[in-house]
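Novice: Got a structure here, written out as structure tokens. Questions coming.
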Amino acid sequence: MNEIKTVAVLGAGTMGAGIAQVAAAAGWRTLLFDVTAERVEAGLGRIRDTLEKGVEKGKVAKADADGTLSRLHGITSLDQAADVGLVIEAVPEDLSLKVKVLGEAAKHVAKDAILASNTSSLCLTELAAALPGPARVVGMHFFNPVPRMKLLEVVRAHQTSDETLEVVREVGTQMGKEVIVVRDMPGFASSRLGIALGMEAIRMLEEGVATAPEIDAAMKLGYGHPMGPLELTDLVGLDVRMAIGEYLHRELGGEQFRPPQLLKRLVRAGKLGRKSGEGFYKY
């Protein structure tokens, strides 16, 4: 497998921008791709803002921020991705969409370039089966906000080669992440546990056990979680967490994954969390 010199991140939203930032900060030339120049520029702007705030707070050295930005390049055509050794898609949780974008990237990159998905729950084995060179397909599940969160969950599909797995482990370490490797099962490790906790917190709110701040405080102060389960649901998006819950309930059964009626009502009302200005909290 070729040495990775350039990384391409597909999708310039919150997750994609964060992944591109940590890739560039780790020293790789990094391409941030999206379908319009406006989306690419919004992603790059998000990275610039994050780095500027880091410099202002003394958490990022100015030279490091400048170096990161110098290695970032926005693109709207995958024709510019010929020298890419690692592709990471960060598009919405839709298997057909992920197959489409990674399949298109595979036409432009080398045959031994790694194709990674940032999916938080979808079947990597099914994704790999739909792509050329399935042995190079792997899951790289980052967490939001990517620059701050230390965990990288690497997911091994049935087809993923030992070589692919080892390269991705090294990439994660170079990015400053703590890497765990899990087998391709619905929800992997993190989403399976996180969704069960999140859905139970919503049921508790629905039943009037306590208020949203009190439920979140219970987990933050009692168990040392940096963010409560309802705050986290607002951050991720109520619609996203509902879709993952429905998928896990379908695949694994178990009432712990079934989305409560309260969550469904909020999603139908367009109250999706931070991105809409209101979820379990108002922003």
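Novice: Region 116-198: which trypsin sites (Lys or Arg not before Pro) are DSSP loop and have at most 14 other beta-carbon atoms within 10 angstrom?
Specialist: The qualifying sites are R148, K150.
Novice: What's the carbon and sulfur percent of the chain's accessible surface, probe 1.4 angstrom, rounded to a whole number? Mind showing how you got there, number by number?
Specialist: Numbers: 7130 of 13430 Å².
Carbon with sulfur: 53 percent of the solvent-accessible area.
Novice: Considering every Cα-Cα pair within region 65-116, what fraction, in whole percent, is farther apart than 15 Å?
Specialist: Above the 15 Å cut-off, region 65-116 has 52 percent of its Cα pairs.
Novice: While we're looking at this one, here's another question. Cα centroid distance between region 129-192 and region 208-269, in Å?
Specialist: If we compute the Cα centre of each part, the gap is 24 Å.
Novice: Related question: P(r) for region 189-274, please, calculated from all Cα pair distances in 5 Å bins and given in %.
Specialist: 3, 16, 27, 28, 18, 7, 1
Novice: For a quick check of your reading of the filter: which trypsin sites (Lys or Arg not before Pro) in region 33-90 sit in a DSSP loop and have no more than 15 other Cβ atoms within 10 Å? Mind dumping the intermediate values first?
Specialist: Working: sites: R39, R46, R48, K53, K57, K59, K62, R71; in loops: K57, K59, R71.
Passing sites in region 33-90 are K57, K59.
Novice: Continuing with the same structure: Looking at the calculated P(r) for region 1-146, what percent of the C-alpha pair distances fall above 19 Å? Please list the in-between numbers first.
Specialist: Working: 5090 of 10585 pairs.
The proportion of pairs with Cα distances above 19 Å equals 48 percent.
Novice: Next up: Whole number in Å², please: accessible area per residue of the chain, 1.4 Å probe, ligands, DNA and RNA not counted. Before the final figure, lay out the partial values.
Specialist: On the way: 13430 Å² over 283 residues.
Here the residues of the chain average 47 Å² of exposed surface.
Novice: If the only charges are +1 at each Lys and Arg Cβ and -1 at each Asp and Glu Cβ, what is the size of the charge dipole of the chain around the Cα centre, to the nearest 20 debye? Write out the running numbers ahead of the final one.
Specialist: Numbers: 34 positive and 36 negative charges, 74 e Å.
Roughly 360 debye for the chain.
Novice: What's the percent breakdown of Cα-Cα distances in the chain across 10 Å bins, shortest bin first?
Specialist: For the chain, the pair-distance distribution reads 7, 28, 34, 23, 7, 0.
Novice: Here's a follow-up. If I require 15 Å or longer along the helix axis, counting alpha carbons, and a Kyte-Doolittle average no lower than 1.0, what helices from the chain are left? Use full DSSP H segments. Show your work: numbers first, answer last.
Specialist: Values: long enough: 14-25 (17 Å, 1.22); 37-56 (28 Å, -0.64); 95-106 (16 Å, 0.91); 162-174 (18 Å, -0.57); 190-206 (24 Å, 0.55); 212-223 (16 Å, 0.12); 238-252 (21 Å, -0.04).
The answer, listed by residue number, is 14-25.
The values are calculated or read from the model by the stated rules, or taken from the named source; none is laboratory data. The structure displayed is predicted, hence computed values, not measured ones. Counting neighbours? That spans all protein chains shown, and the Cβs are built from the backbone with ideal geometry, glycine included. Heavy atoms of the whole protein, side chains included, go into the accessibility calculation; ligands, DNA and RNA do not. Shrake-Rupley method; radii C 1.70, N 1.55, O 1.52, S 1.80 Å.
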